[in-house]
1. Can you pull out the helices (runs of 4 or more DSSP H) entirely within segment 104-199 that have at least 1 residues that are not assigned by TED's automatic domain parsing to the domain that holds TYR71?
2. Considering only segment 239-252, I want to know if a residue exists there that is within 21 Å of the chain's Cα centre (by Cα), assigned to a loop (DSSP other than H, G, I, E, B) and within 30 Å of VAL169 (Cβ to Cβ).
3. How many residues are within 17 Å of LYS2 (Cβ to Cβ) and not in a strand (DSSP E or B) when one looks only at segment 52-74?
4. Tell me which residues, restricted to segment 203-257, are of a type in the set (A, V, I, L, M) and either crowded, with 16+ Cβ neighbours inside 10 Å or over 24 Å from TRP283 (Cα atoms) (or both).
5. Since THR205 meets every condition but one in (1) modelled with pLDDT under 95; (2) of a type outside the set (A, V, I, L, M, F, W, C); (3) closer than 16 Å to LEU81 by Cα; (4) out of contact with any Ser or Thr (no Cβ under 8 Å at 6 or more places or on another chain), which condition does it not meet?
6. So MET262 clears everything in (1) farther than 26 Å from LYS74 by Cα; (2) out of contact with any strand residue (DSSP E or B) (no Cβ under 6 Å at 6 or more places or on another chain); (3) not hydroxyl-bearing (Ser, Thr, Tyr) except one condition, right? Which one?
7. Which residue out of LEU168, LEU196, LEU142 is surrounded by 20 or more Cβ atoms within 10 Å (Cβ to Cβ), touching a residue at least 60 places away in the same chain (Cβ under 8 Å), within 30 Å of ALA48 (Cβ to Cβ) and among the aliphatic types (A, V, I, L, M)?
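The values are calculated or read from the model by the stated rules, or taken from the named source; none is laboratory data. Keep in mind the model is a prediction, meaning the values are calculated, not measured. Note: ideal-geometry Cβ built from the backbone for every residue, glycine included; neighbour counts use all protein chains shown.
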Amino acid sequence: MKIDLHIHTSTGSDGGLPAETVFREAGRRKIDFLSITDHDSIEHQGKAIVLAEKHGIRYVTGVELNVTFAYGGKSLSLDYLGYGYDYLNPALREKLRAIREHRVIRARQIMDNLNIEFTRENLPLFTEADLQRMQEGVDGILSRPHIADYLIKKGVVGSRQEAFDRYLVKCDVPKYPLTLAEASALVKGAGGRLVLAHPNDPNGTSMISAAKDLAEQTNIIRGHMLEFIDGIECWHSRSDKTTTSHYIEFCRKSFSRREGLMTGGSDCHQKPIIIGTVDVPEWVAGQF
């Protein structure tokens, strides 16, 4: 059985391919169990369920939420995955609508910050028309990778990495301030379960921002997160064997009165296409 419970699409967020193509590719790769986990977006979960049935793939609703986590006097950015929720739940849909609206405001503020840098470099400034063109090219929710792609298109940079290195890290604006307690209440209120995503990802939003040592990471989780989450993403395209083993052991021992939910996935944004390349054990499906 091939499992991938962490996939993004251009239909819902910052993936490179629309949902239809993602499912076609998943079918070609003989994926048995799948979840689309677009950032802050569940509008296309109904379509995903239909596509999964069409391709003979078992499906569970998914979403990736960015959370502002307070620890050690700092506000850390962490990602959490929601699974098995009712995608028609009014409270969840309303909150995600507010987050999407904030993304547009945030994009405009990032553009203002970019213009400050462009002024210093004597480059043409971005206008409201540029923001509209960015939005026209986005199927899902406008995010920094889309802005990076637009910078490439305008000839300002040559790659996404250069866009982030030169501009988008410096010009960033805080995301919608969703707390872990709020994220947990929303997902669980909709009948779902919440999982900490890619906890030790060296290149992404992860616990490394709080602690590099695995034992210290899980001490923080044990002390500050267990009442809100149901498990951990133990298998990920950027997780090594040591990380995976550590978090499996943590999930088996640390969740009160139950074993923590253990999930895994490629976190594929189709750049390149790595759907189904993470070796997630078959028994993971049985948890759902």
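1. On the way: elements: 128-136, 144-153, 160-163, 180-189.
In segment 104-199, the matching helices (runs of 4 or more DSSP H) lie at 128-136, 144-153, 160-163.
2. Among the residues of segment 239-252, at least one is within 21 Å of the chain's Cα centre (by Cα), assigned to a loop (DSSP other than H, G, I, E, B) and within 30 Å of VAL169 (Cβ to Cβ), which makes the answer yes.
3. So the count comes out to 5.
4. Looking only at segment 203-257, we keep the residues that are of a type in the set (A, V, I, L, M), and these are 207-208, 210-211, 214-215, 220-221, 225-226, 229, 232, 248.
Hits for segment 203-257 are MET207, ILE208, ALA210, ALA211, LEU214, ALA215, ILE220, ILE221, MET225, ILE229, ILE232, ILE248.
5. It is condition (4) that THR205 fails.
6. (2)
7. LEU196
Condition check ((1) among the aromatic types (Phe, Trp, Tyr); (2) modelled with pLDDT of 95 or more; (3) touching a Lys or Arg at 6+ places or on another chain (Cβ under 9 Å)) across all residues:
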{"position": "LYS47", "(1), (2), (3)": "no, yes, no"}
{"position": "ALA52", "(1), (2), (3)": "no, yes, yes"}
{"position": "TYR59", "(1), (2), (3)": "yes, yes, no"}
{"position": "PHE69", "(1), (2), (3)": "yes, no, no"}
{"position": "GLU94", "(1), (2), (3)": "no, yes, no"}
{"position": "HIS102", "(1), (2), (3)": "no, no, yes"}
{"position": "ILE105", "(1), (2), (3)": "no, no, no"}
{"position": "GLU117", "(1), (2), (3)": "no, yes, yes"}
{"position": "ALA129", "(1), (2), (3)": "no, no, no"}
